[in-house]
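J.: Here's a structure for you.
The values are calculated or read from the model by the stated rules, or taken from the named source; none is laboratory data. Keep in mind the model is a prediction, meaning the values are calculated, not measured. When we count neighbours, we look across all protein chains shown, and the Cβ atoms used for this are built from the backbone with ideal geometry, even at glycine. These area figures cover heavy atoms from the full protein model, side chains too; ligands, DNA and RNA do not enter into them. Shrake-Rupley method; radii C 1.70, N 1.55, O 1.52, S 1.80 Å.
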Amino acid sequence: SYRTLDQIETIIFKLLRDKNSRQAIAVTWKLPDDIEDEHPHCIISIDYVIRNGLLNCVVYIRSNDIFGAWPENAYMLARLNQYVAKHLNKVLPGKITIVSNKAHIYYWNIEEACKIANLVDSTGKILEAMGINKGSVKGIA
């Protein structure tokens, strides 16, 4: 059976006990369940460290939907960093480094993502430069 553990409270406890701890890490996967799952969690780990009074973290994301999920993930990680820092003595939120191992944009979001980034004109030249045939992607005229 899998034991439930509040990893964030454990991280806070470890950092309160030792501000130099290198063990303040949360792992989101539940083994062996997630290793067998067809769609396992994308965020694998969140690793905290205090340096110069700032709470920094490094996040490893195994597969990152840059258009659809990255903004929400980044916001959540910033709020989580604020939450943890608030519970530590004289520590402020610091840098968040996100390592996206397999960053991608799903084909159904390409047109909207390019428009937002002001990369597509009416001829779709950026898509051609990316090697994408407009006719092969649903939703692109």
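J.: Tell me whether segment 74-91 contains one or more residues that are at pLDDT 85 or above, under 24 Å from Ile11 (Cα atoms) and in contact with a Ser or Thr (Cβ under 9 Å, 6 or more places away or on another chain). Walk me through it before giving the result.
T.: Initially, segment 74-91 is screened for residues at pLDDT 85 or above, giving 74-91.
So of that shortlist, the ones also under 24 Å from Ile11 (Cα atoms) come out as 74-91.
Within this subset, residues satisfying the condition of being in contact with a Ser or Thr (Cβ under 9 Å, 6 or more places away or on another chain) are none.
Within segment 74-91, not a single residue is at pLDDT 85 or above, under 24 Å from Ile11 (Cα atoms) and in contact with a Ser or Thr (Cβ under 9 Å, 6 or more places away or on another chain).
J.: Can you tell me which residue in segment 92-116 is most open to solvent (accessible area, probe 1.4 Å), limited to those that are assigned to a strand (DSSP E or B) and not aliphatic (A, V, I, L, M)?
T.: Narrowing segment 92-116 to residues assigned to a strand (DSSP E or B): 92-100, 103-104.
When the remaining residues are screened for being not aliphatic (A, V, I, L, M), the result is 93-95, 97, 100, 104.
Numbers: Pro93: 61, Gly94: 25, Lys95: 152, Thr97: 68, Ser100: 38, His104: 49 Å².
Checking each candidate, the answer is Lys95.
J.: Hey, another quick one. Among the residues of segment 57-77 satisfying the criterion of being open to solvent by 30 Å² or more (accessible area, probe 1.4 Å) and of a type outside the set (A, V, I, L, M, F, W, C), which is nearest to Asn101 (Cα to Cα)?
T.: Residue satisfying both the conditions and the ranking: Arg62.
J.: Also, quick follow-up: Considering only residues of segment 1-46 that are hydrophobic (A, V, I, L, M, F, W, C) and part of a loop (DSSP other than H, G, I, E, B), which is modelled with the lowest pLDDT?
T.: Here the answer is Leu31.
J.: Checking Leu80 against (1) out of contact with any helix residue (DSSP H, G or I) (no Cβ under 8 Å at 6 or more places or on another chain); (2) part of a helix (DSSP H, G or I); (3) surrounded by 13 or more Cβ atoms within 10 Å (Cβ to Cβ): exactly one of these is not met. Which one?
T.: Of (1) out of contact with any helix residue (DSSP H, G or I) (no Cβ under 8 Å at 6 or more places or on another chain); (2) part of a helix (DSSP H, G or I); (3) surrounded by 13 or more Cβ atoms within 10 Å (Cβ to Cβ), only one is false for Leu80: (1).
J.: Going by what's in this entry, would His87 be described as touching a residue at least 60 places away in the same chain (Cβ under 8 Å) and on the phi < 0 side of the Ramachandran plot? Can you show your working first?
T.: On the way: touching a residue at least 60 places away in the same chain (Cβ under 8 Å): yes; on the phi < 0 side of the Ramachandran plot: yes.
Taking the combined requirement at face value, the residue satisfies it.
J.: Do we find a residue being open to solvent by 70 Å² or more (accessible area, probe 1.4 Å) and of a type in the set (Ser, Thr, Tyr) anywhere in segment 38-48? Talk me through it step by step, then tell me what you get.
T.: So the first thing to find is which residues in segment 38-48 are open to solvent by 70 Å² or more (accessible area, probe 1.4 Å), and the list is 38-39, 41.
Cutting the leftovers down to of a type in the set (Ser, Thr, Tyr) gives us none.
The answer is no, given that none of the residues of segment 38-48 is open to solvent by 70 Å² or more (accessible area, probe 1.4 Å) and of a type in the set (Ser, Thr, Tyr).
J.: Within segment 50-77, work out how many residues are touching a helix residue (DSSP H, G or I) at 6+ places or on another chain (Cβ under 9 Å), within 23 Å of Leu16 (Cβ to Cβ) and of a type outside the set (S, T, N, Q). Can you show your working first?
T.: As a first pass, look at segment 50-77 and keep what is touching a helix residue (DSSP H, G or I) at 6+ places or on another chain (Cβ under 9 Å): 50, 54-57, 59, 61, 64-68.
With the extra rule that they be within 23 Å of Leu16 (Cβ to Cβ), the set shrinks to 50, 54-57, 59.
Right, trim to of a type outside the set (S, T, N, Q) and you get 50, 54-55, 57, 59.
Here the count works out to 5.
J.: Can you say whether Lys134 is modelled with pLDDT under 95, loosely packed, with under 11 Cβ neighbours inside 10 Å, more than 20 Å from Ser21 (Cα to Cα) and among the basic types (Lys, Arg), as far as the supplied structure shows?
T.: Here the answer is no, as Lys134 does not meet what is asked.
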